[in-house]
1. Kindly provide the set of residues from the range 63-93 that are among the small types (Gly, Ala, Ser) and under 20 Å from residue 104 (Cα atoms), ordered by number.
2. Which of the residues belonging to the range 18-45 are without any contact (Cβ under 8 Å) to a residue 40 or more places away in the chain and either outside any helix (DSSP H, G or I) or polar (S, T, N, Q) (or both)?
3. Name the residues in the range 67-107 that are at pLDDT 85 or above, of a type in the set (Gly, Ala, Ser) and either loosely packed, with under 14 Cβ neighbours inside 10 Å or within 26 Å of residue 5 (Cβ to Cβ) (or both), would you?
4. Mind listing whichever residues of the range 1-32 are exposed (fewer than 15 other Cβ atoms within 10 Å of the Cβ) and either of a type in the set (A, V, I, L, M, F, W, C) or within 17 Å of residue 73 (Cα to Cα) (or both)?
5. Which pairs turn up if I take residues in the range 63-91 that are farther than 18 Å from residue 41 by Cα and look for partners that are in a helix (DSSP H, G or I) and charged (D, E, K, R) with beta carbon separation below 7 Å, at least 6 apart in sequence or on another chain?
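The values are calculated or read from the model by the stated rules, or taken from the named source; none is laboratory data. None of the values given here were measured: they were computed from a predicted structure. Cβ: placed from backbone, ideal geometry, glycine included. Neighbour counts: every protein chain shown.
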Amino acid sequence: MTALEEEDLKMKYGIIVSKLRDAIAKNKAACPQLNLVSVYLDRTQTEVDVEEGHLQKLEALCAYLARLGATCYVTRHLHYNLCADVESARNNSAFFNQLKNYIEVPE
């Protein structure tokens, strides 16, 4: 991967994590399971080191959401939207989800 591609992936990583954090902030009252995702992000997404790059961090996040999605529709929907954007980042294409965050839970 070239330096330019790595910089582009770093930018997309930031956008994806920001959209996920927005979704959590707006919907955690309606879906308490999103608090688990927030804790996971706080513990794992703060630093990206050389051995585990941005794409690997996003793939690990997708795997975590897949496990949570087995018991919660909201998390499953969040997983689907987030992973579509991760796949777009991997393929260097436009984001699948053009919204500011990944899910809106009706009140």
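1. 66, 69, 70, 84
2. If the condition is that a residue be without any contact (Cβ under 8 Å) to a residue 40 or more places away in the chain and either outside any helix (DSSP H, G or I) or polar (S, T, N, Q) (or both), then 18, 28, 29, 32, 35, 38, 44, 45 are the ones that fit.
3. 70, 84, 88, 89
4. Result: 1, 3, 4, 11, 15, 25, 29, 30, 32.
5. Correct list of pairs: 89/12.
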